1. With springs connecting C-alpha atoms under 10 Å apart, model the chain as a Gaussian network and identify which of VAL122, VAL320, VAL211 has the largest mean-square fluctuation.
2. In whole Hz, what ³J(HN,Hα) sequence does the range 238-254 give by Karplus (6.51, -1.76, 1.60; θ = phi - 60°), x for Gly and Pro?
3. In 5 Å bins starting at zero, report the fraction of Cα pairs in the range 43-170 per bin as a rounded %.
4. Output ³J(HN,Hα) for the range 9-24: one whole-Hz value per residue in order, computed from phi by the Karplus curve 6.51 cos²θ - 1.76 cosθ + 1.60 with θ = phi - 60°, and x for Gly and Pro.
5. Mind checking which lysines have their Cα closer than 24 Å to the Cα of LYS301? Skip sequence neighbours fewer than 8 apart in that chain.
6. 222 nm [θ] for the chain, helices only, -39500 (n - 2.57) per DSSP H run of 4+, per residue, to 500?
7. For all pairs of alpha-carbon atoms in the range 92-159, what percent lies in each bin of width 5 Å, listed from the first bin to the last filled one?
8. Quick one: Cα centre-to-centre distance for the range 137-202 and the range 382-397, in angstrom?
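The values are calculated or read from the model by the stated rules, or taken from the named source; none is laboratory data. Being a predicted model, the structure only gives us computed values, none of them experimental. Don't worry about glycine lacking a Cβ; one is built from the backbone with ideal geometry, like all the others, and counts go over all protein chains shown. Keep in mind that these areas ignore ligands, DNA and RNA; they rest on the heavy atoms of the full protein, side chains included. Shrake-Rupley method; radii C 1.70, N 1.55, O 1.52, S 1.80 Å.
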Amino acid sequence: MRTQINVKYLDHPDIQEADSILRSCVHCGFCTATCPTYQELGDERDGPRGRIYLIKQLLETGDITEKSQTHLDRCLTCRSCETTCPSGVKYGRLAEIGRGIMEEQLERPFKQKLARWLIRKVLPYSSRFGPLLRLGQIGRPLLPAALKAKVPEKQSAGSWPAPHHARRMLVLGGCAQPSATPNTNAAAARVLDKLGISLLVAPKAGCCGAVSYHLSAHEEGLDFMRRNIDAWWPHIEAGVEAIVISASGCGSMVKEYGEKLSQDSEYAAKAQRVSELAKDLGEVLIKEDLGQLQLQAKGLKTAVHCPCSLQHAQQLGGQVEQILQQAGIELTHTKDGHLCCGSAGTYSILQPELSQTLLTNKLEALTIDNPEQIVTANVGCQLHLGSKSPVPVKHWIELLDS
């Protein structure tokens, strides 16, 4: 693809990268076959190739319209197109750059600005999100059915083993997960404890930065990353083996810290080290002897939902299934595993209608073989699927916690 970048963007720090990504696209269209929004809407502008052209048009003309903004907003950033692309186009990164420039240049309507601001000021802060969630859980029985489905039932975390093993790993607490699904990391700590690994939490670490960054508040997102690095660094210097992340959406972001902070002279080297240490929970367990867990095979038929952030961003599709099969858990057949469930971070809040359509499609695909439960690897997907699923939805690590 030939490009002619507008002079107004030539000094933008990311423009050379954006130009290189644009030039790598050969507009073959393979991406449209695996794009959830294109499959649903059938509009070229709601597929990766069309959105690439919209970003190209922005960077060449210097102009963006509200209509183009709508098509870019509808993108899930699921990165299924990257898995499909024969040319290796880094669409997700291009979308970040394009949306960032768009956000600076085009004023959003007041309601959109307010919604995005509220999300950024509540969701990434567990001290704010947690109390609001608890209030919702207290009043849950009185809520209308539509709202009730969006408020997860209160979950008990259970015990967290005291650190006593020579092998130690950090775990990302996150922002929504400690309040909404606290048993996930607690179960991970108990499972790893049986394998001779102590899981540690750095209290001052929090949101991975994805919420702000994906809403084009890039500097705010980078600040969350810097705080986490500062919180983790003493443990890294003390020799922890890995930074374990049980939410695949957060994991894909932490693995990109080195890239995101590469121009920060103070944090670049530390960020790169953090990205090297970052491991999805499955990456840790698949290297361990799971026979030590002495698992009793569960009788429940289980459907596995592989989040987009796990299979497309981290390229770890099939790993959870391998671990669960090794544990003797019966897995059911599913279809269209490459398509997004519609959660996609804050997408389910900002694009509710399309998100619900994708959710319905995903649940139909997951339940074709009549599973008795569904497991996933990301808190956002877990809550989204659970809001409408006919069977319980859990994090897969809970099946190994016995």
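1. Highest fluctuation among the options: VAL122.
2. 7, x, 4, 6, 7, 10, 8, 10, 8, 9, 5, x, 5, x, 5, 6, 4
3. The calculated distribution, bin by bin, is 2, 8, 13, 13, 12, 11, 11, 12, 10, 5, 3, 1, 0.
4. Here the 3J(HN,Hα) series is 9, 4, 8, 5, x, 9, 5, 5, 5, 4, 4, 5, 5, 4, 5, 7 Hz.
5. Those lysines meeting the cut-off are LYS335, LYS362, LYS388, LYS394.
6. Estimated from H runs of four or more residues: -13500 deg cm²/dmol.
7. 3, 13, 13, 16, 18, 12, 11, 10, 4, 1
8. A separation of 15 Å, based on Cα centres.
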